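See structure below.
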Amino acid sequence: MNIVYIHGLDSKLSPEKKTILEKFGTVIAPEVDYYSNANTIESLIEKLRNEDVQVIIGSSMGGFAAYYISTALHKPALLFNPALKNRSVEQLIPSVPFNKPCFKQFVLGNLDDVVNPGDTLGFLSKTFNEFTEFQIHLRPGLTHNIPLDVFQEEVTSFLNNSGFRF
């Protein structure tokens with residue numbers, strides 16, 4: 001299985017989290033410079049369109065990008081504290097039709113002081129339609145940073161919910 005991981009702003013996929021993902025498949029983790037390319041999401045969609053990708057995972061700004069990439073490619077997505085409503089760096093939102101079910105699992109920390117979980121829930125309620133297919137995991141005590149144990153638990157849960165069994 002090929003797993004795409006989209007990192008957040010000023011971040012990278014840690015070796016420890018990459019090791020967790022590699023237990024499930026091959027990890028594709030593109031280096032993303034959100035500052036120099038306001039059209040990052042469309043660029044990633046074009047790059048990944050010809051890849052054999054099964055799932056997409058993103059965190060924070062990478063969760064924002066993964067939200068649209070998964071919809072464009074019709075692949076399930078795991079989104080950790082995605083910056084769906086507000087971002088500190090401007091990114092263009094691609095014109096992606098939301099006309100086919102595409103499972104998304106959201107992990108929101110109730111103590112996140114970088115991406116307000118209430119804003120994320122508000123965004124989701126406004127974009128809800130007949131094709132919406134997602135689960136929301138509200139994690140008490142979770143901040144913006146995702147500890148390894150939570151990461152592993154949520155990745156395993158997501159892959160099982162997406163139909164992959166390990």
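The values are calculated or read from the model by the stated rules, or taken from the named source; none is laboratory data. Just so it is clear, the structure is predicted and the values come from calculations on it, not from any experiment. For neighbour counting, all protein chains shown are included, and Cβ atoms are generated from backbone atoms with ideal geometry for every residue, glycine included. Heads up: the accessible areas ignore ligands, DNA and RNA and are worked out on the full protein's heavy atoms, side chains in. Shrake-Rupley method; radii C 1.70, N 1.55, O 1.52, S 1.80 Å.
What number of residues within the range 84-108 are in contact (Cβ under 8 Å) with a residue 40 or more places away in the chain, among the aliphatic types (A, V, I, L, M) and open to solvent by less than 10 Å² (accessible area, probe 1.4 Å)? So the answer is 2. Hey, can you tell me all the residues within the range 114-146 that are open to solvent by 60 Å² or more (accessible area, probe 1.4 Å) and under 11 Å from residue 80 (Cβ atoms)? Result: 145, single match. Of all the numbered requirements in (1) out of contact with any Phe, Trp or Tyr (no Cβ under 7 Å at 6 or more places or on another chain); (2) modelled with pLDDT under 95; (3) in a loop (DSSP other than H, G, I, E, B); (4) loosely packed, with under 14 Cβ neighbours inside 10 Å, residue 111 misses one, and that requirement is (2). For the range 75-86, the criterion of being modelled with pLDDT under 95 and of a type in the set (S, T, N, Q) is satisfied by at least one residue.
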